[in-house]
Amino acid sequence: MIKSHSRGHEIYHDGNDWRFSDTGEIATTDRPCAKCGEGPTPEGYDPCLGYVPGVTSACCGHGVEEPYVMVRESIRQFQAIKTAARQVLNSFDKDRDKLSHSQWKALEELEDAVYGQGE
């Protein structure tokens, strides 16, 4: 069985549809984030990140995956990456005690990259 996550909720593919593992309902984007309990913004952004200029895709990880930021251009978008990284870090500040070891290490590396160099 193929499994994944949708906004932090485990889902599986039954051969025809993606379904939520806890209820068996067909998976939709209507469920709020499993981490913060908020739904996406009207534009579809994660509520903890919102709109980040210069970023084509970003995800807070919803408490089960590593956060990520994707940009369309490299060097010119460095400031957008740092802005997005700061937003990801800020979204985790209140819940750091709930992070797994690997999530904690990833956040430490992100902090070093954002705050430790080139300020």
Problem - So Gly44, is it in the same structural domain as Glu111 (by TED's automatic domain parsing) and farther than 21 Å from Gln103 by Cα - result: yes
Problem - Count of region 30-58 residues which are outside any loop (DSSP other than H, G, I, E, B) and loosely packed, with under 14 Cβ neighbours inside 10 Å - result: 2
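Residue by residue, here is whether (1) more than 17 Å from the chain's Cα centre (by Cα); (2) among the aliphatic types (A, V, I, L, M) holds:
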| site | (1), (2) |
| --- | --- |
| Met1 | yes, yes |
| Ser6 | no, no |
| Thr23 | yes, no |
| Ile26 | yes, yes |
| Pro32 | no, no |
| Gly37 | no, no |
| Pro40 | no, no |
| Gly50 | no, no |
| Glu66 | no, no |
Exercise for the section: Considering each of Ala113, Ala84 in turn, give the residue that is under 14 Å from the mean Cα position of the chain (by Cα) and modelled with pLDDT under 75. Expected result: Ala84
Practice task
Hey, could you check region 60-81 for residues that are in a helix (DSSP H, G or I) and surrounded by fewer than 18 Cβ atoms within 10 Å (Cβ to Cβ) and say which is modelled with the lowest pLDDT?
Solution key: Ile75
Completion exercise
Flagged in region 11-30 as in contact with a strand residue (DSSP E or B) (Cβ under 6 Å, 6 or more places away or on another chain) and either in the same structural domain as Gly63 (by TED's automatic domain parsing) or of a type in the set (Gly, Ala, Ser) (or both), in numbering order, are Ser21, Ala27
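The values are calculated or read from the model by the stated rules, or taken from the named source; none is laboratory data. These numbers were taken from a predicted model, which means no experiment stands behind them. Positions of Cβ are generated from backbone atoms using ideal geometry, with glycine treated the same way; all protein chains shown enter the neighbour counts.
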